[in-house]
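Please read the structure below before turning to the comments.
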Amino acid sequence: MPPLSPLDLPHDDPFGPHNLPYGVFTTPDAPDLRRIGVRYGAHVLDAGAAAAAVGSPHAALLGHPTLNPLMAAGRPVWRAVREELRAWLTESAHRSAIEPLLHSLTTVALHLPFDVADYVDFYASEHHASNVGRIFRPEGGPLTPNWKHMPIGYHGRAGTVVVSGTPVVRPRGQLGSPPGHSALPPFGPSRRLDFEAEVAFVVGAPSPLNTPVPLSGFHDHVFGVCLLNDWSARDIQSWEYRPLGPFLGKSFATSVAAWITPLDALAAARTDPPARDVPPLPYLDDSAAGTAGAAEPGGLDLRIEVAINGHPVSHPPFAAMYWTAAQQLAHMTVNGASLRTGDLFASGTVSGPEPHQRGCLLELTWSGRDPLRLPDGERTFLEDGDEVTLSAWAPGPGNSVVALGEVTGCVVPSVP
């Protein structure tokens, strides 16, 4: 019996024709030739070569070494290319041309799939923000007065966004001093290195300066979704963040998946966000009666798993996020800030209401008070050699499952 073709996927494969995430890859025989790929099962399709083979009008867009030109082309082109890809991979008429252009994932190298323009990180989980407030401000309310009125965020460092699999060097910095202590703060490798399980959104079509993007414009500007780990040095962060917020405690590394899932692949995962007990201002109002209301539910039912050294430690539910990605984008541009192709904005740590749904070690160990028990020992924060992996899936059409590309990073010792 001849071996199955990589085009013959089981109907329940989470990377089937209902998914089709984009990435950038190279092969061993051409390590300097970066190509746009589309994941299909355990293989990657050379999308540019496929487009050329069938005479697609989008061959030039798919022939670039990065996703940015395709992302900039806008939603009508994204949808047309997606339909072409599905046809190439599923219709028998294309089989002979497409099958030789599939490469096993075990033989390719994956790269950062797009050039990152700006990076913004939000703080959109009420459960996470409340837990952090209880840890650091036990004498006061868990949320700051502004939290229910707008998605809180900060600008990160685009130049240190790295692709999944890139080692994460333990950062060095000022580690703080006890209150009232007059000595110089200690300096050295972070002792409280943490992960943050997040979901990120990649901007495709840009917007002009001084032109806010309303909730209804989300689909016109956002190309796709990926998992993100915003590594955090809690000791550096806690010393530096007042009064201006995160800086060196965050900017040393942010890991993203090698695969960008198109928004259209997650249509069946749309869900209503949690009920809000404070009415949002009109530009953020996504209720049915809202003046800026969106055409569909703004939440996403993504089920995330966090593993340390292969051992699952948390299952954060993205559906529990208080502020949606559309609201984050609307708030990010309401002051007139423009969007650029390749802008990346992340949800902030995803946490649920239950202890096993917390999306970082700060919460899981309650700032080190309650060590996490793993097969290879206890953890309060990450040790050198620890590997953190984020994975996720969402409901797809017809009882299918849509998997997101995983994010993995291994902590390596600080550079002297």
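The values are calculated or read from the model by the stated rules, or taken from the named source; none is laboratory data. As the structure is a prediction and not an experimental result, all values here were calculated from the model. Note: ideal-geometry Cβ built from the backbone for every residue, glycine included; neighbour counts use all protein chains shown. Each accessible area value is taken on the protein alone, full model and side chains, heavy atoms only, with ligands, DNA and RNA left out. Shrake-Rupley method; radii C 1.70, N 1.55, O 1.52, S 1.80 Å.
When segment 138-177 is filtered for residues that are in contact with a His (Cβ under 7 Å, 6 or more places away or on another chain) and of a type outside the set (A, V, I, L, M), only P151 remains. Does any residue of segment 89-112 turn out to be over 26 Å from L7 (Cα atoms) and under 26 Å from the mean Cα position of the chain (by Cα)? No, that holds for no residue.
Which of the residues spanning segment 363-388 are touching a helix residue (DSSP H, G or I) at 6+ places or on another chain (Cβ under 6 Å), not charged (D, E, K, R) and not in a loop (DSSP other than H, G, I, E, B)? Even if it seems obvious, please write down each step before you answer.
Initial filter on segment 363-388 (touching a helix residue (DSSP H, G or I) at 6+ places or on another chain (Cβ under 6 Å)): 363, 367, 372, 381.
Then drop every residue that is not not charged (D, E, K, R), which leaves 367, 372, 381.
Within segment 363-388, just L372 meets the criteria.
Can you name the residue in segment 186-205 that is touching a strand residue (DSSP E or B) at 6+ places or on another chain (Cβ under 7 Å), assigned to a loop (DSSP other than H, G, I, E, B) and not charged (D, E, K, R) and, of all such residues, is surrounded by the most Cβ atoms within 10 Å (Cβ to Cβ)?
The first filter runs over segment 186-205 and keeps only residues touching a strand residue (DSSP E or B) at 6+ places or on another chain (Cβ under 7 Å), leaving 187-190, 192-204.
Right, trim to assigned to a loop (DSSP other than H, G, I, E, B) and you get 190, 192, 195-196, 204.
Then drop every residue that is not not charged (D, E, K, R), which leaves 190, 195, 204.
On the way: S190: 25, F195: 30, G204: 27.
If we take residues in segment 186-205 being touching a strand residue (DSSP E or B) at 6+ places or on another chain (Cβ under 7 Å), assigned to a loop (DSSP other than H, G, I, E, B) and not charged (D, E, K, R), then F195 is surrounded by the most Cβ atoms within 10 Å (Cβ to Cβ).
Only residues that are modelled with pLDDT of 95 or more, not aromatic (F, W, Y) and not in a loop (DSSP other than H, G, I, E, B) were counted in segment 389-416, giving 18. In summary, strands (runs of 3 or more DSSP E) completely within segment 210-325 and bearing 1 or more residues that are open to solvent by 50 Å² or more (accessible area, probe 1.4 Å) and in contact (Cβ under 8 Å) with a residue 12 or more places away in the chain occur at 303-308, 311-314.
Here the condition is being more than 20 Å from R358 (Cβ to Cβ) and at pLDDT 95 or above; of H181, H127, H219, it holds for H219 alone.
Would you mind listing the helices (runs of 4 or more DSSP H) fully within segment 26-131 where at least 1 residues are hydroxyl-bearing (S, T, Y) and surrounded by fewer than 16 Cβ atoms within 10 Å (Cβ to Cβ)?
75-90, 95-98
Among the residues of segment 374-416, which ones are under 25 Å from L110 (Cβ atoms), open to solvent by 80 Å² or more (accessible area, probe 1.4 Å) and among the charged types (D, E, K, R)? If the condition is that a residue be under 25 Å from L110 (Cβ atoms), open to solvent by 80 Å² or more (accessible area, probe 1.4 Å) and among the charged types (D, E, K, R), then E406 is the only one that fits.
In segment 35-56, the count of residues that are under 30 Å from A337 (Cβ atoms) and at pLDDT 95 or above is one or more.
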